[in-house]
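What follows is calculated from the coordinates using simple rules that are stated; it is not laboratory data. What you see is a predicted model, and the numbers here were worked out from it, not measured in a lab. Glycine also receives a Cβ, built like all others from the backbone with ideal geometry; neighbour counts cover every protein chain displayed.
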Amino acid sequence: MKTLVLEPMPELFWHELDRHGWAPFFYSDGNLSDSQVEIIIIRTATHFDASMFERFPRLKLIIRAGSGFDNIAIAEAQKRGVAVCNTPEANAQSAYEHTLSLILALIKRHQQGKAAVINGSWKRQLPSCWEVSDLKVLVVGVGRVGSRVAKALQFLGAQVRGVDPYLSAQQWRQRDVSPIPYIEGVKWANCITFHCPLSNETFHYFGMQTLASLTQPIWLVNTSRGGVVDEEVVQNALQSGMLLGAAMDVFQQEPWPRASFSGDEKLFLTPHIGAFTEKAKQRMALETLDVWQRFLKTGKVISPIEKKFAFR
């Protein structure tokens, strides 16, 4: 099947195409008639809306190389009979590690500590650090990344509960995490970390209702998708003291336009680097090609995205 690659892929991707003799199936934009395209590979930059589906009338499969898929009109794809899938395993380890590093940096006050060294105040004005065993963590989305985060924090002594409406009782037991309804969990937790996809259901999941439900100041981490957290609410919560600190690796608009509260020393910012490792890039290349070749050989779609996860 003629496959169009719309965004840059790691060198390993092209090396594997040559090694397996698959290169003749692959094209870059402009080297193939739109009416011939049957499979498309994209990453984050391509917004696949209704006009894109009109452009490629013979399209059968969209492979999102990476984990997020909010840049694809899932409902439109299903209406047209186009399968959509992602490569969720590729980024899981690196995203989990990045999340854990942010939580530790927050509770150990790394950023405030640096400022204290530079301004000469040393520890005189620095609030006490926390230990992991002080944490009651609500993990929102207990999938590939969230389950790893939960396991690591439990090992380090934190109390952990999870929110995920799509897990069965058996899956909860396998993850060894106690489920809890979202608002009940918000009232219980002193740390919330998000690992859910961005969908109509999760857009601004951390919003005014969540803020109003807090019973104590919390730590907040978002390494999922920017729209899951309402950034104006983060600003309000930092100013009111209901956030002890916040760490954001993802933003509703990327690159992020510098906001008025971006200089707050309790706010940690990283430029969507949860999966920015060489190993993650290599896994993404290999997983993308595995999805592609299985579809060609068997017609089976690996890691399909369902309509219930559609965003707008």
**Report entry** Amide H within-cut-off set for VAL84, under 5 Å, with H built and near neighbours excluded
**Finding:** ILE62, ILE305
Report task. Counting other Cβ atoms within 10 Å, keep those with at most 16, restrict to DSSP loop, and tell me which GluC sites (Glu not before Pro) in the range 249-290 are left. Result -> GLU265
Report task. Quick one: dipole size for the chain, taken about the Cα centre, charges +1 on Lys/Arg Cβ and -1 on Asp/Glu Cβ, in debye to the nearest 20. Result -> 580
Requested in this report: Starting at the first residue of the range 171-187, write each ³J(HN,Hα) from the Karplus equation 6.51 cos²θ - 1.76 cosθ + 1.60 with θ = phi - 60°, in whole Hz, x for Gly and Pro.
Outcome: 5, 4, 5, 4, 7, 6, 10, 7, x, 8, x, 4, 5, 4, x, 4, 5
Query raised in the report: Given the pairs LYS60/LYS279; LYS108/LYS151; LYS266/LYS307; LYS187/LYS308; LYS108/LYS279, which span a C-alpha to C-alpha distance of over 32 angstrom in this model?
Result: LYS266/LYS307
Query raised in the report: Are there chymotrypsin sites (Phe, Trp or Tyr not before Pro) in the range 150-243 that DSSP marks as loop and that have at most 15 other Cβ atoms within 10 Å, and which are they?
Result: TYR166
